[in-house]
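Right, one structure below, let's go through it.
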Amino acid sequence: MQRREFLKLLTGAIAAIMLPINALAAVWNKAAFEANKLADAEKGLAVDSETSSKEIEIIAPDRAENGAIVQIEITSRIPNTESISVLVEHNPTVLIGNFVFSNGALPYLVTRIKMAETSDIKIIVKAGDSYFTASKNVVVLENGCG
Amino acid sequence: MEANMKMRAKLTGYITEVKVIISHPMDTGRKKDDFGQLIPVHFIQLVTATLNDKPVLEMQWGTGISKNPYLTFRIKGAKVNDKIAVNWVDNLGKTGSGDILVMAS
């Protein structure tokens with residue numbers, strides 16, 4: 001078998017394996033997750049224009065002793081929220097995660113994130129073709145991105 | 001699949017709150033071990049949560065999610081004994097899954 005054909009087969013096989021877990025979500029957004037600048041991460045997420053919104057609530061500590069575990073709670077009250085993206089501006093890689101809601105899931109999440117240093121946590125909510133944002137600053141006393 | 005996940009799903013009123021903890025190192029690839037060797041990057045990339053096999057929450061994660069990832073999410077419309085499942089795959093192609101039935105609170 002030619003190497004090229006083998007690679008094609010292999011790609012197909014991998015795609016087939018990935019399908020059940022990945023039927024609706026796009027494949028892992030490499031460009032956005034490997035970005036080390038906020039603007040590049042947002043470009044990777046295809047955020048063209050954004051509006052600051054008070055309808056996004058971020059509950060996070062003002063000061064975090066240990067940046068390895070910072071608990072955040074996000075609620076979007078923006079109608080038709082489709083997804084919530086979590087970014088930490090001063091982390092070595094900015095994008096933390098992207099959460100897409102469907103079939104009755106409420107636009108709400110709690111998770112724990114790493115923060116390398118004092119930084120804004122930026123939340124981007126996608127609703128239809130629009131993007132809304134909110135930020136919260138967290139003072140980090142001990143680097144959590146080793 | 002080994003026990004790599006703890007889950008709980010409680011229905012209160014119309015809202016089911018699901019809590020999940022996954023055992024996973026979530027290594028960034030920037031940390032060194034006790035011998036000064038870099039620990040290779042190893043982290044969960046894709047996670048899907050389903051309600052009775054229908055997706056409710058689809059996630060892409062980077063290395064910035066803390067070790068042993070923790071997640072709470074909420075679903076409207078689930079009933080007692082409905083099945084909630086979570087599946088993940090990491091950057092090395094390893095997978096994990098867990099499921100639980102919705103309980104009344």
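The values are calculated or read from the model by the stated rules, or taken from the named source; none is laboratory data. Bear in mind that the values here come from a model prediction, so they are computed numbers and not experimental data. With ideal geometry, Cβ positions are generated from the backbone for all residues, glycine too; neighbour counts draw on all protein chains shown. Heads up: the accessible areas ignore ligands, DNA and RNA and are worked out on the full protein's heavy atoms, side chains in. Shrake-Rupley method; radii C 1.70, N 1.55, O 1.52, S 1.80 Å.
Given the criteria hydroxyl-bearing (Ser, Thr, Tyr), under 25 Å from A:Ser83 (Cβ atoms) and within 13 Å of the chain's Cα centre (by Cα), does B:Thr48 qualify? Break it down into steps so the answer makes sense when it comes.
Details: hydroxyl-bearing (Ser, Thr, Tyr): yes; under 25 Å from A:Ser83 (Cβ atoms): yes; within 13 Å of the chain's Cα centre (by Cα): yes.
Taking the combined requirement at face value, the residue satisfies it.
Residues in the range B:50-66 that are surrounded by fewer than 18 Cβ atoms within 10 Å (Cβ to Cβ) and either on the phi < 0 side of the Ramachandran plot or among the hydrophobic types (A, V, I, L, M, F, W, C) (or both): B:Lys54 only.
Among the residues that make up the range A:12-27, is at least one of them at pLDDT 95 or above and under 27 Å from B:Gly29 (Cα atoms)? Spell out how you get there, then give the answer.
Step one: list which residues in the range A:12-27 are at pLDDT 95 or above, which gives none.
Among the residues of the range A:12-27, not one is at pLDDT 95 or above and under 27 Å from B:Gly29 (Cα atoms), which makes the answer no.
Put simply, of A:Val86, A:Val138 the only residue that is out of contact with any Asp or Glu (no Cβ under 8 Å at 6 or more places or on another chain), within 19 Å of A:Lys54 (Cα to Cα) and touching a residue at least 12 places away in the same chain (Cβ under 8 Å) is A:Val86. Filtered by the rule that a residue be of a type in the set (Gly, Ala, Ser) and in contact with a strand residue (DSSP E or B) (Cβ under 7 Å, 6 or more places away or on another chain), the range A:102-120 gives A:Ser102, A:Gly104, A:Ala105, A:Ser119.
Yes/no matrix, rows are residues, columns are (1) open to solvent by less than 20 Å² (accessible area, probe 1.4 Å); (2) part of a loop (DSSP other than H, G, I, E, B); (3) not hydrophobic (A, V, I, L, M, F, W, C):
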{"residue": "A:Glu73", "(1), (2), (3)": "no, no, yes"}
{"residue": "A:Ser85", "(1), (2), (3)": "yes, no, yes"}
{"residue": "A:His90", "(1), (2), (3)": "no, yes, yes"}
{"residue": "A:Val100", "(1), (2), (3)": "no, no, no"}
{"residue": "A:Ala134", "(1), (2), (3)": "yes, no, no"}
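Would you kindly identify the strands (runs of 3 or more DSSP E) lying entirely within chain B that contain at least 3 residues that are within 8 Å of chain A (Cβ to nearest Cβ)?
Working: elements: B:5-12, B:15-22, B:44-51, B:54-61, B:70-76, B:83-90, B:95-101.
Answer list for chain B: B:44-51, B:54-61, B:70-76, B:83-90.
Taken across the range A:69-83, residues that are over 29 Å from B:Lys54 (Cα atoms) and basic (Lys, Arg) do not occur at all.
Cβ-Cβ contacts under 8 Å between residues 6 or more apart (or on different chains), taken from a first residue in the range A:109-123 that is away from every other protein chain (no Cβ under 11 Å) to a second residue that is assigned to a loop (DSSP other than H, G, I, E, B) and among the small types (Gly, Ala, Ser), are listed as A:Glu117/A:Gly67.
In the range B:79-99, the residue that is surrounded by the fewest Cβ atoms within 10 Å (Cβ to Cβ) out of those that are under 11 Å from B:Ala49 (Cβ atoms) and aliphatic (A, V, I, L, M) is B:Ala85.
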